[in-house]
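What follows is a set of notes on a single structure, which appears directly below.
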Number of protein chains: 2
Amino acid sequence: MLNQAPDLDRLFHALADPARRAMVERLSSGPAAVSELARPLPMSLPSAMQHLGVLEAAGLVRSEKIGRVRTVSIQPATLRLAEQWINARRQEWEARLDRLGDYLKSIENGEDHDDGVD
Amino acid sequence: MLNQAPDLDRLFHALADPARRAMVERLSSGPAAVSELARPLPMSLPSAMQHLGVLEAAGLVRSEKIGRVRTVSIQPATLRLAEQWINARRQEWEARLDRLGDYLKSIENGEDHDDGVD
């Protein structure tokens, strides 16, 4: 059975676009107004807002309207989910490489691999 | 200007699917035959091979045909690119929170914030 994990699906999909990653990069150093986020991007304001909507639906950012300005801030806990998934994979293959290394070293040292037989 | 970074685009896109993540999870503990990777997935072998193609195009896995068996292995360096991008964001916002914390503490201690004025 597949773990559907819709959060990770939406999260990785949200990060698979350079404009959306640029927004997350900008927001990592602090909140920003929507117009400020959109300005450096080579696209119209409505297009930038669509990208922002994808980030918001994935839980990566939150926006709040104060007066006439909508301010966007990053949601670190969501990005941490992606980090945790990748870290777990790395720990698995590093553990496997460690076991392989130990095994090769034991062969090099001429150790006996028959358990319990002296 | 946007950094197009096609590698990160393809990489995050490849991870945005539960079947492809399941394959990466399996491969983290060691190489596997294509048929072994496909077996637990609720889809046909051709569908599973399409997902495998997406992972291979993203550089996340490599496959090698030996005799009649195609064996797939993970490419840790590629997954590390995604990890590095996320880590860099986290370091930025943690540095920002540290500065904010230092500032609040200095206010609490009644320190003078006018530079050079005694």
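The values are calculated or read from the model by the stated rules, or taken from the named source; none is laboratory data. Bear in mind that the values here come from a model prediction, so they are computed numbers and not experimental data. Quick reminder, even Gly has a Cβ in these numbers, built from the backbone with ideal geometry, and neighbours come from all protein chains shown. SASA here: full protein model, heavy atoms, side chains in, ligands and nucleic acids out. Shrake-Rupley method; radii C 1.70, N 1.55, O 1.52, S 1.80 Å.
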Scan segment A:87-104 and tell me whether some residue there is hydroxyl-bearing (Ser, Thr, Tyr) and within 26 Å of B:Ala95 (Cα to Cα).
no
Go through the residues of segment A:107-118 one by one and say whether even a single one is more than 14 Å from chain B (Cβ to nearest Cβ) and assigned to a helix (DSSP H, G or I).
yes
Filter segment A:11-25 down to the residues that are crowded, with 18+ Cβ neighbours inside 10 Å and either touching a strand residue (DSSP E or B) at 6+ places or on another chain (Cβ under 8 Å) or within 21 Å of B:Leu100 (Cβ to Cβ) (or both) and list them by number.
A:Met23, A:Val24
Look at B:Ala82 and say whether it is closer than 24 Å to A:Ala22 by Cβ, at pLDDT 95 or above and of a type in the set (A, V, I, L, M).
no
Inspect segment A:35-49 for any residue being of a type outside the set (S, T, N, Q), in a helix (DSSP H, G or I), open to solvent by 20 Å² or more (accessible area, probe 1.4 Å) and within 24 Å of B:Glu94 (Cβ to Cβ) and give the result as yes or no.
yes
Could you grab me the full set of residues in segment B:72-92 that are among the small types (Gly, Ala, Ser) and in a helix (DSSP H, G or I)?
B:Ala77, B:Ala82, B:Ala88
Would you confirm whether any residue within segment A:88-99 is more than 10 Å from chain B (Cβ to nearest Cβ) and open to solvent by less than 70 Å² (accessible area, probe 1.4 Å)?
no
Does A:Glu64 fit the bill of being away from every other protein chain (no Cβ under 12 Å) and over 30 Å from B:Ala16 (Cα atoms)?
no
